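Undergrad: One structure follows; several queries about it will come next.
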Amino acid sequence: MALTDLKSFDKPSLEEFLIKKEGLPAFRAGQLLHWMYEKNVTGIGEITEFSKTLRESLSQKAFISTLKVKERLTSGDGTEKYLFELDDGNFIESVLIPPDVDQDRDKKIGRNKEPGSKADTLADKTPRLTLCISSQAGCAVGCRFCLTGKLGFIRDLEPREIVEQVLSVQRHIAPRKITNIVLMGMGEPLNNLKNVAAALVRLTEFLHFPKRRITLSTAGIAPRITELPQVAPMVNLAVSLNATTDETRSLIMPINKRYGISSLMQAIRRFPLPPRGRITFEYVLLGGINDSQADARRLVKLLHAIPSKVNLIPFNGHEGSEFQTPSAERVLAFQKALTDSGCTAIIRKSKGADILAACGQLKAKYELKK
Ligand code: SAH
Ligand code: SF4
């Protein structure tokens, strides 16, 4: 008989499994979740709160799944890249970004604090350590500057595969602690909304990761931006805007032909924000395409009256790419035009370039090898 993966369950289905299949009381589910997520154990045998007999009988029918770390690379700037092999042989990646590389650090420690949150108390005392995780193997959106997009769509990740990236990296880096999570790795999270929402529930309710320290990045699937707060815990929203006219945006992001800039901005304006909450706009600077002063002025207009900040990401080039990285002067001039108009704009340096840490690039290396 095949063993049942205890990490495949949400709380009600775990309770049902334990009651119906094991004849155990429902409170065992809460204990199991505590050990699997907060204590991050990988074997039923490690759950010392259970009697030896219970551990043995449960091990006959169930197990706790993990993800196989295929490769772990550290970049010169301290960025760590994890390449995971899924059960079906596909690869996904996560990137751990240390504080000196993470230029977006909130100066005022604890500003996103949720009263009474255990994990947040810990996070406040520890240096900011951001983990970028994947939501899909590959991506169907096909942005022309993105290597994951060029690979195409392979499959959606299961909730446990999304959450396990966090748990697995956390086990590797202990006693250091992941303090922030961004869904900015491979894939379009809003194209896998059901599983992403389930993963967010597990991260916030089982692992007690503070909602305000999680950011979901989307290419702008407008109706799903509207749906997101109804189906998932209230995490931060980042939108990859990347252009200021429909013509240019449709050229570099085909999704814009379906959800143009005005419908996207309408969905964003309606997105509920907590006090002091802000929308993050990502803007990949492509030389000669979207990096002019006119673009900067249009961007200021688009963001008018939206509590927001802009992350400027100079294009991270890859082999065979058709785009150019703008010069440092042009990047600075673009930033200045935004800040002079009162926008918050941060230049995100290319992280871990020597280990191909940009979106989807290590995965691509494996793909090409096969
Ligand atoms: N699908 C989501 C999240 C993953 S992509 C989204 O598009 O938002 C994460 C970020 O990487 C996006 O902002 C995207 O615009 C950016 N990105 C992709 N390829 C890039 C490249 N070659 N150089 C710089 N940024 C890139
Ligand atoms: Fe997909 Fe995001 Fe890459 Fe676009 S930028 S192809 S949405 S992963």
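The values are calculated or read from the model by the stated rules, or taken from the named source; none is laboratory data. Quantities reported herein were computed from a predicted structural model and do not represent experimental measurements. Every residue, glycine among them, receives a Cβ derived from its backbone with ideal geometry; neighbour counts consider all protein chains shown.
Undergrad: Touching a residue at least 12 places away in the same chain (Cβ under 8 Å) and touching a strand residue (DSSP E or B) at 6+ places or on another chain (Cβ under 7 Å): which single residue out of Q170, Q136 fits that description? Break it down into steps so the answer makes sense when it comes.
TA: Working: Q170 fails: touching a strand residue (DSSP E or B) at 6+ places or on another chain (Cβ under 7 Å).
Only one candidate qualifies: Q136.
Undergrad: If you check every pair at least six apart or on different chains, which have Cβ atoms under 9 Å apart with a residue in the range 61-77 that is β-branched (V, I, T) first and a residue that is assigned to a strand (DSSP E or B) second?
TA: From the range 61-77, the pairs are I64/D5; V69/Y82; V69/L83; V69/F84; V69/E85; T74/E80; T74/K81.
Undergrad: Can you pull out the residues in the range 280-299 that are more than 23 Å from T226 (Cβ to Cβ) and either under 26 Å from the mean Cα position of the chain (by Cα) or in a loop (DSSP other than H, G, I, E, B) (or both)?
TA: V284, L285, L286, G287, G288, I289, N290, D291, S292
Undergrad: Right, something else. So, in the range 200-226, exactly how many residues are in contact with a strand residue (DSSP E or B) (Cβ under 9 Å, 6 or more places away or on another chain) and within 16 Å of ligand 1 (Cβ to nearest atom)?
TA: Of the residues in the range 200-226, 10 are in contact with a strand residue (DSSP E or B) (Cβ under 9 Å, 6 or more places away or on another chain) and within 16 Å of ligand 1 (Cβ to nearest atom).
Undergrad: Report the residue count in the range 6-34 for those that are outside any helix (DSSP H, G or I) and loosely packed, with under 14 Cβ neighbours inside 10 Å.
TA: First pass over the range 6-34, keeping only residues outside any helix (DSSP H, G or I): 9-10, 23-26.
Retained after the next criterion (residues that are loosely packed, with under 14 Cβ neighbours inside 10 Å): 23, 25-26.
Final tally of qualifying residues: 3.
Undergrad: Let me ask something else about it. Suppose we filter V310, V235, V331, V239 for residues that are more than 28 Å from V196 (Cβ to Cβ) and in contact with a Ser or Thr (Cβ under 9 Å, 6 or more places away or on another chain); which single one remains? Show your work before the answer.
TA: Numbers: V310 fails: more than 28 Å from V196 (Cβ to Cβ); V235 fails: more than 28 Å from V196 (Cβ to Cβ); V239 fails: more than 28 Å from V196 (Cβ to Cβ).
Only one candidate qualifies: V331.
Undergrad: Looking only at the range 155-165, decide whether some residue is farther than 26 Å from A267 by Cα, assigned by TED's automatic domain parsing to the domain that holds I97 and within 16 Å of ligand 2 (Cβ to nearest atom).
TA: Filtering the range 155-165 down to residues farther than 26 Å from A267 by Cα leaves 155, 158, 160-161, 163-165.
Cutting the leftovers down to assigned by TED's automatic domain parsing to the domain that holds I97 gives us 155, 158, 160-161, 163-165.
Next, only the ones that are within 16 Å of ligand 2 (Cβ to nearest atom) stay: 155, 165.
Yes - at least one qualifying residue is present in the range 155-165.
Undergrad: For residues that are surrounded by fewer than 18 Cβ atoms within 10 Å (Cβ to Cβ) and in contact (Cβ under 8 Å) with a residue 60 or more places away in the chain, scanning just the range 139-149, find the one that is farthest from ligand 2 (Cβ to nearest atom). Before the answer, list the steps.
TA: Of the residues in the range 139-149, the ones surrounded by fewer than 18 Cβ atoms within 10 Å (Cβ to Cβ) are 140, 142, 144.
Next cut, in contact (Cβ under 8 Å) with a residue 60 or more places away in the chain only: 142, 144.
Numbers: G142: 6, R144: 8 Å.
The selected residue is R144.
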